[in-house]
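Notes to accompany the following structure.
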Amino acid sequence: MKVASKKHQHGAVTLVGALFLIMAITILLGAVQRMAATDITDTALHNDAVEALFIAESGLERAGWRYATGSSCAALAGETDNIGRGSFQINSAALVGTLCLVQVTGNVVTTIAANAVNRTIEGYYSRGSFTGWAVGDASGTAILLGWDGSSWSSVSAPAVPVENLQSVYCITADYCWAVGAPNGTSANINHWDGSTWSNVSTPAVPGVTLYSVHCVTTDDCWAVGQKNGNAENLNHWNGSSWSNVSAPAVPGVTLYSVHCVATDDCWAVGQKNGNKENLNHWNGSSWSNITASPVPNKDLHSVYCVAGNDCWAVGQKNGNAENLNHWNGSSWSNITAPAVPNKDLNSIVCIASNDCSTVGAMSSGENIDHWNGSAWSRAGPYASISNSNLNGAAMVNATEGYTVGDSGTIAAWDGSNWAGQTSPVSSNLNSVSVIGGAGGGGVALVQWTEVIQ
């Protein structure tokens, strides 16, 4: 057997070492190249992600601009637009309490990744305080529409029972009451504190429908409604709790409206009492039923007082005549108004002794009528207002007023004309109360955060 010499063995080892070194260098160079390529890819993807985030922020800013210029919160959803190498889409927008929650996705198309780079963010916009409310028949949720001075929005109120709301009244932008159909066996009374609607526990109030609420101050409110068995239904708020007020002199029939000019001067009207009208007065200590023979023996739907000696009550039509009645401080009289349609009148409101408006059942168009201090006349009809029954009215001053009605109808008065407004619902609206003017604070982005996919 031939054995290699040590010299030849040494040469072989040297050759193997050289080959190993070459392979090691090759592997190292490949690793360096792969690392460099990975770093480049990572850097590119990072830059694309940052760009997608900026595009999403642009979409959020776009939503804020539209919200500030009159669009409702819900109407913000669905918009898309291209920006540079990418685009944004406003995925959703909905009111959460008084805040508008908007979700936006920004994306950038890249040749490095198999798919576009996406970043999604959510932001909460505040539009300032609501200065008015409209309520109506429930449709899956309680119907509460907030007015911010430029548009009406559906406001989520999880604490409010899903029942028909009949009346709303606000003293200030952060103090309102809304009442309606009972929640099971409990009265349905709800309070707005400027940020949230809450249901107020009222064990002392009968669990029947409440049709009207009105406040003199934050510690002096009245709510009236459906009769409680054979008894009248009059309830008072003293600033801390609601109580049912016994009034033996008041007929045991349903009351539809209450209005006060002072803590010792209130009127409540309602369903006729047999063959007699139903007008009741509060003098600060007790309720009494007032005989008013000139007033038709018909249901009265609404009462409003400008002063202690200047009140109006309207209601169910009287045969072939409207039902308008006036209190002069000592007696009630029925007022003839040939220009007013012979239809039921559902609500009346005044801002002065010579400036009142009443609304009611449609008559070849909406039914809005005005008192100028000497005579009643019909306003309209107006083409922009749907031919629907009107159920509630609120006047802020001579140049700002509102009315609401069936099928989500809303209209506003500007001092010269009534005009229909965009409504976010199609449910019947029963009542409206407005303090006036735009909500405070404008539109502001309260906070935003990224949604991690």
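Nothing in this text is a laboratory measurement; each read-out follows from the coordinates by a stated rule. In this text, all values refer to a predicted model and were calculated from it rather than measured experimentally. Glycine also receives a Cβ, built like all others from the backbone with ideal geometry; neighbour counts cover every protein chain displayed.
Other residues lying with their Cβ under 15 Å from the Cβ of PRO182 contribute a combined charge of -1, Lys and Arg counting +1, Asp and Glu -1. Along the chain, the longest continuous region that contains none of the trypsin sites (Lys or Arg not before Pro) in a DSSP loop with at most 16 other C-beta atoms within 10 Å is 86-453. Its residues counted as N, the stretch 231-341 yields a C-alpha radius of gyration over 2.2 N^0.38 Å of 1.06. For the pair SER150 and SER201, label points projected 7 Å from Cα toward Cβ lie 4.2 nm apart.
Here the Kirkwood formula puts the hydrodynamic radius of the stretch 397-437 at 10.6 Å, using every distinct Cα pair.
If the chain linking ALA321 and PHE54 were pulled fully straight, counting 0.36 nm for each residue of separation and taking away their Cα-Cα distance, it would gain 89.5 nm.
Residues ILE55, ILE452 in ascending order of nearby Cβ atoms (within 10 Å, fewest first): ILE452, ILE55. Across all Cα atoms of the chain, the radius of gyration (one decimal) and Dmax (whole number) stand at 34.3, 145 Å. Applying 0.36 nm per residue to the separation of ARG378 and SER416 and subtracting their alpha-carbon distance, the gain on full extension is 12.3 nm. The modelled label-to-label distance for the pair ALA398/ASP219, using points 7 Å beyond Cα in the direction of Cβ, is 3.7 nm.
The simple Förster model, with R0 at 30 Å and r as the Cβ-Cβ distance, assigns THR141 and SER241 a FRET efficiency of 0.65.
Between PRO296, VAL245, HIS370, the Cα set farthest toward the positive side of the dipole of the stretch 132-434 (charges on each charged residue's Cβ, about the Cα centre) is that of PRO296. Pairs of lysine residues in the chain that meet both criteria, 8 or more places apart or on different chains and Cα atoms under 14 Å apart, total 7.
With the alpha-carbon atoms of the stretch 313-388 aligned to their principal axes, the span from lowest to highest coordinate is 40, 28, 18 Å, starting with the largest. Compared with the dominant Cα axis of the chain, that is its longest principal axis, helix 6-68 is turned about 20°. Segment SER407..GLU61, full-extension length gain: 121.2 nm, with 0.36 nm per residue of separation and the alpha-carbon distance subtracted. Between SER426 and THR263, the distance separating the two model label sites (each 7 Å from Cα on the Cα→Cβ line) works out to 4.8 nm.
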